[in-house]
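**Student:** Can you read through this structure? Questions will come right after.
The values are calculated or read from the model by the stated rules, or taken from the named source; none is laboratory data. All figures in this text were calculated on a predicted structure; none of them were measured in a lab. Ideal geometry is used to build each Cβ from the backbone, glycine not excepted, and the neighbour counts take in all protein chains shown. Keep in mind that these areas ignore ligands, DNA and RNA; they rest on the heavy atoms of the full protein, side chains included. Shrake-Rupley method; radii C 1.70, N 1.55, O 1.52, S 1.80 Å.
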Amino acid sequence: MTSSATDTVSFADLNLPAPILAALSDVGYESPSPIQAACIPALLSGSDLLGQAQTGTGKTGAFALPILARIEVERRVPQALVLVPTRELAIQVAEAFQSYAAHIPNFHVLPIYGGQSYGPKLSALRRGVHVVVGTPGRVIDHLDKGSLDLSALKTLVLDEADEMLRMGFIDDVERILEEVPESRQTALFSATMPPAIKRIAKTYLRDPAEVTVAA
Ligand code: AMP
């Protein structure tokens, strides 16, 4: 990813809406990182995506910015779900969404993870959120309780898929993949591509754009 085209592209060139460009200027990002330059156009076009990239490359923005660009704020139902391996990452990714959405009025993102009490999350889900960022086990708990409705989901992101595999969450991830609408867009990010992750990608991604960014 060292071509001069990706070196000179700007966020405005990527067709992100004005409120997002304003937020990127607030957070001081000058131009897209290589993974952002590669992933944002693919995800905006509705394509599935298989990304091999590590933390520190800007991969959160690579999926969060196109998701935000496509959110219909007036529909207060989960339109995107991001599955992550840890509570820390759930909080961090939800905070990234919040900062990139600083100029999108009435946008709501909710992190859900094990060890939290259910009460506040249940009332937030009842009031309505646009994006959920969660660990697989807790997402399944909410699906089983009927408190999380994924029937309007447009985008599912598996972030750090190899970590979710390593931590034993892959059955939960597959169950969620089976329960979300077939029409959704799916993006899978993983630092490494062990056979189990390749199999998930082959089974659940449709003709994905493939992006690899060196650490
Ligand atoms: P990530 O790989 O998503 O965890 O991002 C790593 C760090 O890079 C975070 O602190 C981001 O805020 C920052 N970052 C992401 N994209 C950009 C960008 N285009 N320009 C400058 N910093 C960025």
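**Student:** Scan segment 86-111 and report the pairs whose first residue is assigned to a helix (DSSP H, G or I) and whose second residue is within 13 Å of the ligand (Cβ to nearest atom) and open to solvent by 20 Å² or more (accessible area, probe 1.4 Å), with Cβ atoms within less than 7 Å and a gap of 6+ or a chain change.
**Tutor:** Leu89/Glu160; Val93/Thr60; Ala96/Thr60; Ser99/Val27
**Student:** Restricting to helices (runs of 4 or more DSSP H) lying wholly in segment 1-80: which have 1 or more residues that are among the acidic types (Asp, Glu), touching a residue at least 40 places away in the same chain (Cβ under 8 Å) and more than 9 Å from the ligand (Cβ to nearest atom)?
**Tutor:** Details: elements: 4-8, 18-27, 34-44, 59-70.
Because the criterion is at least 1 residues that are among the acidic types (Asp, Glu), touching a residue at least 40 places away in the same chain (Cβ under 8 Å) and more than 9 Å from the ligand (Cβ to nearest atom), the helices (runs of 4 or more DSSP H) in segment 1-80 that meet it are 18-27.
**Student:** Sticking with this one: Would you mention how many residues in segment 72-118 are farther than 26 Å from Met164 by Cα and open to solvent by 20 Å² or more (accessible area, probe 1.4 Å)?
**Tutor:** The initial filter retains those residues of segment 72-118 that are farther than 26 Å from Met164 by Cα, namely 72-76, 101-107.
Still in the running and open to solvent by 20 Å² or more (accessible area, probe 1.4 Å): 72-76, 102-106.
Residues meeting the conditions: 10.
**Student:** Which ones in segment 126-150 are free of Cβ contacts under 8 Å to residues at least 40 places away in the same chain and within 19 Å of Phe107 (Cα to Cα)?
**Tutor:** Arg126 - this is the single residue of segment 126-150 that is free of Cβ contacts under 8 Å to residues at least 40 places away in the same chain and within 19 Å of Phe107 (Cα to Cα).
**Student:** So, one more: Going by the conditions given, is Ser151 more than 16 Å from the ligand (Cβ to nearest atom), modelled with pLDDT of 95 or more and of a type in the set (Gly, Ala, Ser)? Step through it out loud before you land on a result.
**Tutor:** Details: more than 16 Å from the ligand (Cβ to nearest atom): yes; modelled with pLDDT of 95 or more: yes; of a type in the set (Gly, Ala, Ser): yes.
Yes; evaluated as a whole, the condition is true for this residue.
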